[in-house]
Amino acid sequence: MGTLSYGATMSLDGFVADAAGDFQWAAPSAELFDVHVERMAATSTEVLGRRTYALMQYWNAQPADEQWTPAEQEFARRWQGLDKIVVSSTLGPNDLGAEGDRLVSTLELDELRRIVDGARGIVEIFGPTVAADAIRAGLVQEFQFFVVPTVIGTGLRAIPADVRLDLRLVEHRVFDDGVAQLRYVRR
């Protein structure tokens with residue numbers, strides 16, 4: 001049985017992207033990228049939406065005009081080894097980028113429970129829109145935030161506005177660039 005985890009890199013005021021959808025301010029330092037590579041070792045499954053899935057296709061093959069660092073190569077290897085469930089009503093099976101990736105048109109909570117129950121290790125629900133119903137329903141057991149010391153004022157919230165959570169801090173770390181890693185579990 002797996003553990004459902006929600007992770008987000010967010011601004012100090014709680015947004016993952018600004019009003020225009022830009023999140024370049026959240027690009028990880030090399031030190032923080034290494035942490036993401038480490039986190040992938042415990043992750044078996046990613047549940048993600050169409051846009052995030054499209055963004056992450058970058059890690060399926062090294063671009064011919066780029067040279068990946070060893071950390072990037074390891075991240076890509078681990079990413080490619082994950083089970084991926086893509087939530088989209090607009091994509092079709094031919095739009096999936098890797099064999100074994102699975103498409104669901106909607107993410108029903110009972111289906112998410114089955115996914116988590118059948119998984120080993122961490123099931124990461126990736127993206128605030130896809131995660132919102134699971135957060136509201138109390139299915140997310142672990143929250144991992146990477147808080148960037150930037151205030152953007154408005155945009156896409158990391159946590160739905162109508163949610164109340166009672167969490168316990170179980171791990172924290174501050175990186176040289178001021179980003180704080182905060183890992184919480186439900187009380």
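Throughout, read-outs are computed from the coordinates displayed, never taken from laboratory work. It should be emphasised that the depicted structure is a prediction, and the values quoted were computed from it without experimental measurement. Using ideal geometry, Cβ is built from the backbone for each residue, glycine included, and neighbour counts are taken over all protein chains shown.
Consider Phe75 carefully, then state whether it is in contact with a Phe, Trp or Tyr (Cβ under 7 Å, 6 or more places away or on another chain) and either over 23 Å from Trp25 (Cα atoms) or not in a helix (DSSP H, G or I) (or both). Reasoning before the result, please.
Numbers: in contact with a Phe, Trp or Tyr (Cβ under 7 Å, 6 or more places away or on another chain): yes; either over 23 Å from Trp25 (Cα atoms) or not in a helix (DSSP H, G or I) (or both): no.
It is false that Phe75 is in contact with a Phe, Trp or Tyr (Cβ under 7 Å, 6 or more places away or on another chain) and either over 23 Å from Trp25 (Cα atoms) or not in a helix (DSSP H, G or I) (or both).
Here's the yes/no breakdown for (1) within 27 Å of Gly21 (Cα to Cα); (2) of a type in the set (Asp, Glu):
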{"residue": "Val104", "(1), (2)": "yes, no"}
{"residue": "Leu107", "(1), (2)": "yes, no"}
{"residue": "Glu111", "(1), (2)": "no, yes"}
{"residue": "Ala119", "(1), (2)": "no, no"}
{"residue": "Val123", "(1), (2)": "yes, no"}
{"residue": "Phe126", "(1), (2)": "yes, no"}
{"residue": "Val163", "(1), (2)": "yes, no"}
{"residue": "His172", "(1), (2)": "no, no"}
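Provide a single number: the residues in the range 101-120 that are surrounded by 14 or more Cβ atoms within 10 Å (Cβ to Cβ) and either of a type in the set (Gly, Ala, Ser) or in contact with an Asp or Glu (Cβ under 6 Å, 6 or more places away or on another chain) (or both).
So the count comes out to 1.
Looking only at the range 72-95, which residues are touching a residue at least 12 places away in the same chain (Cβ under 8 Å) and more than 25 Å from Ala119 (Cβ to Cβ)?
In the first step, residues of the range 72-95 are kept if they are touching a residue at least 12 places away in the same chain (Cβ under 8 Å); the result is 72, 74-76, 78-80, 82-91.
Glu72, Thr90, listed by residue number.
In the range 84-100, which residues are buried (at least 18 other Cβ atoms within 10 Å of the Cβ), in contact with a helix residue (DSSP H, G or I) (Cβ under 6 Å, 6 or more places away or on another chain) and within 17 Å of Tyr58 (Cα to Cα)?
Here is the first cut: in the range 84-100, the residues buried (at least 18 other Cβ atoms within 10 Å of the Cβ) are 84-88.
Next, only the ones that are in contact with a helix residue (DSSP H, G or I) (Cβ under 6 Å, 6 or more places away or on another chain) stay: 86-88.
The answer is Val86, and nothing else.
Name, by its number, the condition in (1) surrounded by 15 or more Cβ atoms within 10 Å (Cβ to Cβ); (2) under 17 Å from Ile122 (Cβ atoms) that does not hold for Gly81.
(1)
Failed condition for Val116, given (1) part of a helix (DSSP H, G or I); (2) free of Cβ contacts under 8 Å to residues at least 40 places away in the same chain, with all others met?
If we test Val116 against (1) part of a helix (DSSP H, G or I); (2) free of Cβ contacts under 8 Å to residues at least 40 places away in the same chain, just (2) comes out false.
Can you pull out every residue in the range 127-138 that is assigned to a loop (DSSP other than H, G, I, E, B) and either touching an Asp or Glu at 6+ places or on another chain (Cβ under 8 Å) or crowded, with 18+ Cβ neighbours inside 10 Å (or both)? Spell out how you get there, then give the answer.
Kept after step one, since they are assigned to a loop (DSSP other than H, G, I, E, B), are these residues of the range 127-138: 127, 137-138.
Result: Gly127, single match.
Give the range 25-55 a look and list any residue that's in contact (Cβ under 8 Å) with a residue 12 or more places away in the chain, more than 25 Å from Leu12 (Cβ to Cβ) and part of a helix (DSSP H, G or I), or say none. Please lay out each step first, then the result.
So the first thing to find is which residues in the range 25-55 are in contact (Cβ under 8 Å) with a residue 12 or more places away in the chain, and the list is 25-26, 28-37, 39-53.
So of that shortlist, the ones also more than 25 Å from Leu12 (Cβ to Cβ) come out as 40-47, 50, 53.
Met40, Arg50, Tyr53, listed by residue number.
Take the range 146-181 and flag every residue that is free of Cβ contacts under 8 Å to residues at least 24 places away in the same chain and assigned to a loop (DSSP other than H, G, I, E, B).
Ala161, Arg164, Asp166
Pick from Ala26, Ala41, Ala19: which is exposed (fewer than 13 other Cβ atoms within 10 Å of the Cβ) and farther than 24 Å from Leu112 by Cα?
Details: Ala26 fails: exposed (fewer than 13 other Cβ atoms within 10 Å of the Cβ); Ala41 fails: farther than 24 Å from Leu112 by Cα.
Result: Ala19 is the single residue among Ala26, Ala41, Ala19 that is exposed (fewer than 13 other Cβ atoms within 10 Å of the Cβ) and farther than 24 Å from Leu112 by Cα.
Going by what's in this entry, would Leu55 be described as of a type outside the set (Ser, Thr, Tyr) and over 24 Å from Gly155 (Cα atoms)?
On the way: of a type outside the set (Ser, Thr, Tyr): yes; over 24 Å from Gly155 (Cα atoms): no.
Here the answer is no, as Leu55 does not meet what is asked.
Could you list all residues from the range 139-187 that are crowded, with 16+ Cβ neighbours inside 10 Å and basic (Lys, Arg)?
Across the range 139-187, the qualifying residues are Arg157, Arg183.
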